[in-house]
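Engineer: One structure coming up, written as structure tokens, with questions to follow.
The values are calculated or read from the model by the stated rules, or taken from the named source; none is laboratory data. In this text, all values refer to a predicted model and were calculated from it rather than measured experimentally. Counting neighbours? That spans all protein chains shown, and the Cβs are built from the backbone with ideal geometry, glycine included. Ligands, DNA and RNA are stripped out before the accessible areas are found, and what is left, the full protein with its side chains, is counted by its heavy atoms. Shrake-Rupley method; radii C 1.70, N 1.55, O 1.52, S 1.80 Å.
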Amino acid sequence: IDVAATRAAVKESFAALPAGTAAEDGPAVRAAAACHGCRRDYDAAQVALQLSYPAPCDKDPDFLAARLLANVLDDGLISRLPRALCDRRGLVYDLSSGLDCYADAGLYDIEMQLAPHHVPQALQVVRECLARLVRDGIAPAELQASQRRWLQQLNFRQDDPAALVQEAVGRALFAEPQHWPARQRPLVEEAHAVAALRVDDLQRVARRMFAAGPPHLCALGPLAAAGLAAPLPRAFSAAS
């Protein structure tokens, strides 16, 4: 990479733009306490579900622990959710999950597509999986395996020009270190922070995310056949 040529290209593209002022994060929009989700009933062969749980925002000290926890739950077929829903029971056609986080708020979403008659059991399996995580935490070996995969990905990013540019741009946009969100940390700092996470950190974040109450549920498809005519009861919370 020709550093001088890169700087010249950046200057040519952006020098005429006004510097502006730093944006201020307003209060995050929260769902009403009485709102447990949205439903759309229509004739279809499958039901599409999305379960959304509150998660730490980018700037939260627990953000990296939440990312590692998300990897424990769904980072390949041997992870907890795919193993419980797909491998062992064959309940779900399509499964994905992950964090959707911003500067002031975050969500952890679990998305599934499945046959209507499998919905009650799949929801119960999700609840039991999260409740076990809240109650028992994770084994040290499981934590170390997730940390090892993350650190390997960081090593790959060091050889990825696009990732290095993204890191540099992130530091330029969030110029003061105290204002860097966790996802824009320098790679070496991120590696040290990930390696320092402990079992207790992940269990604390699991309780924060999954034990507060029932998730926000969005459901599309034949709801009556799936047993989703009414909102999820509070007993669905992973705390119970």
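Engineer: What percentage of the solvent-accessible surface of the stretch 54-211, computed with a 1.4 Å probe over protein heavy atoms, is contributed by carbon and sulfur atoms? Don't skip to the end; give the middle numbers.
Structural biologist: On the way: 4140 of 7970 Å².
After summing per-atom areas, the C and S share lands at 52 percent.
Engineer: What FRET efficiency do you get for V10 and I78 if R0 is 51 Å and r is their Cβ-Cβ distance, rounded to the nearest 0.05?
Structural biologist: Efficiency, from the Cβ-Cβ distance: 0.75.
Engineer: Another question about this same structure. If I stretch the segment between D87 and A145 completely, what's the gain in nm (0.36 nm per residue apart, minus their alpha carbon distance), one decimal?
Structural biologist: Details: separation 58, 0.36 × 58 = 20.88 nm, distance 1.98 nm.
18.9 nm is the gain from fully extending D87 to A145.
Engineer: If you count only protein heavy atoms with a 1.4 Å probe, what accessible area per residue comes out for the stretch 63-122, rounded to a whole Å²? Before the final figure, lay out each step's value.
Structural biologist: Details: 2550 Å² over 60 residues.
Using a 1.4 Å probe on heavy atoms only, each residue of the stretch 63-122 averages 43 Å².
Engineer: When you count, for each residue, the other Cβ atoms within 10 Å and take the mean per peptide, how do 131-142, 156-167, 56-67 rank with the highest first?
Structural biologist: On the way: 131-142: 15.1, 156-167: 12.2, 56-67: 20.2.
Put in order of decreasing packing, that is 56-67, 131-142, 156-167.
Engineer: So, by mean Cβ neighbours within 10 angstrom, what's the order for 94-102, 10-18 with the highest one leading? Working shown, then result.
Structural biologist: Numbers: 94-102: 16.3, 10-18: 8.2.
The peptides rank, most packed first, as 94-102, 10-18.
Engineer: For the stretch 87-134, take the alpha-carbon Rg, divide it by the Kirkwood Rh, and send me Rg/Rh.
Structural biologist: On the way: Rg = 12.8 Å, Rh = 12.2 Å.
When Rh is taken as the Kirkwood radius, the ratio is 1.05.
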